[in-house]
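Heads up, the thing below is written out as structure tokens.
Only the coordinates and a few stated rules stand behind these numbers; no lab work does. Quick caveat, the model's predicted, so the values are computed rather than measured. Every residue, glycine among them, receives a Cβ derived from its backbone with ideal geometry; neighbour counts consider all protein chains shown.
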């Protein structure tokens, strides 16, 4: 029987860690993820978990601890945010290329500058090509569920995993949550018993050797294949989790999509606000829908494209800029996935929520109104847009996207 509790997202992650009981945690505090190692270190101090807690002098060192522990055959976890994740940048690539199944809680926070401690996805989206699996949560319940699954996914795919949640929104917001009994979590996660590791005297090996030119590319190809092969792993772990809890977690969630004319694609806690807008518009007999992406790496290209093709126009929401002059990271990947399909929808991008800027139900109303204009006119207009910003367009009415490029050409 599940245990009903009220917890913040940070508490939920620490509780999941306690139930899994990793061998090692390397940690350094940074807002808004500091509470995770704080809560977890309390569990250790009170004798509730037997984990080696290594308090280090920086986030770079925290990931170094996890890398060394994982290479030596230990189950390793950590948590960080924003500039802390950026300080780990070098080692993110090393851990992934060494195929070390470290599980990291990332509490999403804007990257400086200017200095900002509030939520957006610029930190984890900046690390999207580092070779880590990335899983995002809308609610505190999903944060808890994702972390438990993430440890198993990492070890079965031999790839590191980021379990991402929105800073201060879910990390510090308290909500009802259903916990799983300790013994069930321990059985689900099992014990980490790698076939080969540094301290296995029967089979000495090197981890992270120098990759000379005749071999480096093969390592990258194997990494790419591992990321691709992690898709069925993620699916099977989710199925096993559903059997244990009754809670279903796919690559993405479709909300009111069966008969929708237009839809949103979104990541994270803002999906809850979008659902409220969908519900209100449905009450007004407007056929709108939403797709909430849970797994960004590996990108579920084919199934997501098929889901988007149910509508005529789709707004792809990015809580991070990529400064590419062609939209945010989610937009570029989602729109690219539609390229080879017939009957694909018009796709436009909205950058929103940077540095914690609020997005409201009324904002989503406006976006759905824009989508219906596209639906009826067959004209997507500017595909690269901002929402909720005071100066939506550049001076002199030069638009983002199509018009400005034509002027230059």
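Legend: Rg and Dmax of the stretch 1-89, from Cα coordinates, 13.0, 41 Å. Between helix 35-45 and the chain there is an angle of about 20 degrees, using the helix long axis and the longest principal axis of the Cα atoms.
Beta bridges from DSSP with both residues in the chain: antiparallel share about 25 percent, rounded to the nearest 5. Answer rounded, prolate or oblate for the stretch 1-48, using the Cα gyration tensor with square roots of eigenvalues a ≥ b ≥ c: rounded when a/c is under 1.5, else prolate when a/b is larger than b/c, else oblate. Note, shape of the stretch 1-48 comes out oblate. The alpha carbon convex hull volume per residue for the stretch 142-239 rounds to 160 Å³. In this simple spin-label model, placing a label point 7 Å from the Cα along the Cα-to-Cβ direction at both residue 229 and residue 186 gives a separation of 3.1 nm.
Looking at the stretch 3-245 only, what percent of DSSP beta bridges run antiparallel? Nearest 5 please. Taking every DSSP beta bridge within the stretch 3-245, about 25 percent pair in antiparallel fashion. Here the contact order of the chain, divided by its residue count and restricted to Cα pairs under 8 Å and six or more residues apart, works out to 15 percent.
Listed from fewest to most Cβ neighbours within 10 Å, the set 109, 75, 282, 193 follows the order 193, 282, 75, 109. Using R₀ = 56 Å, calculate the FRET efficiency as 1/(1 + (r/R₀)^6) where r is the Cβ-Cβ separation of residue 207 and residue 256; round to 0.05. The pair residue 207/residue 256 has a calculated efficiency of 0.75.
Grab the Cα-Cα distance for residue 389 and residue 176, subtract it from 0.36 nm times how many residues apart they are, and report the gain in nm with one decimal. Could you put the intermediate results ahead of the total?
On the way: separation 213, 0.36 × 213 = 76.68 nm, distance 3.27 nm.
Net length gain for the segment: 73.4 nm.
List 132, 89 from most exposed to least, where exposure is judged by having the fewest other Cβ atoms within 10 Å. Walk me through the numbers before you get to the answer.
Working: 132 23, 89 14.
Neighbour counts put them in this order, fewest first: 89, 132.
Fewest Cβ neighbours within 10 Å first, please rank 352, 192 accordingly.
192, 352
Shown here are the Rg and Dmax of the Cα trace of the stretch 252-408, at 14.7, 45 Å.
Our analysis of the stretch 3-245 gives Rg over Rh at 0.95, with the two radii drawn from alpha carbon positions and Rh computed by the Kirkwood formula. Relative contact order of the stretch 1-79, taken over Cα pairs closer than 8 Å and 6 or more residues apart, is 38 percent. Peptides 358-368, 153-163 ranked from most to least packed by the mean count of surrounding Cβ atoms within 10 Å: 153-163, 358-368.
Here the calculated FRET efficiency for residue 243 and residue 216, from their Cβ-Cβ distance with R0 = 45 Å, stands at 0.65, rounded to the nearest 0.05.
Sorted into 20 angstrom bins from 0, the C-alpha pair distances of the chain split as 27, 56, 17, 0 percent. Within the stretch 190-231, whose backbone N sits under 20 Å from a point 7 Å along Cα→Cβ of residue 93? 207-228, by backbone N distance to the label point. Radius of gyration over Kirkwood radius for the stretch 322-379, both on Cα atoms: the Rg/Rh ratio is 1.00. Relative contact order of the stretch 3-245: 24 percent, from C-alpha pairs under 8 Å at least 6 residues apart in sequence. Computed from Cα positions, the angle between helix 270-283 and the longest principal axis of the chain comes to roughly 40 degrees. At full extension, residue 306 and residue 158 could sit 50.4 nm farther apart than now, given 0.36 nm per residue minus the alpha carbon distance.
Here is how the number arises for the chain: DSSP H runs of 4 or more residues each give -39500 (n - 2.57), the sum is divided by the residue count, and the result at 222 nm is -13000 deg cm²/dmol.
Annotation: the antiparallel percentage among DSSP beta bridges lying fully within the stretch 252-408 is about 15. You can think of it this way: the chain between residue 332 and residue 55 has 95.8 nm of extra reach, that is 0.36 nm per residue less the Cα-Cα gap.
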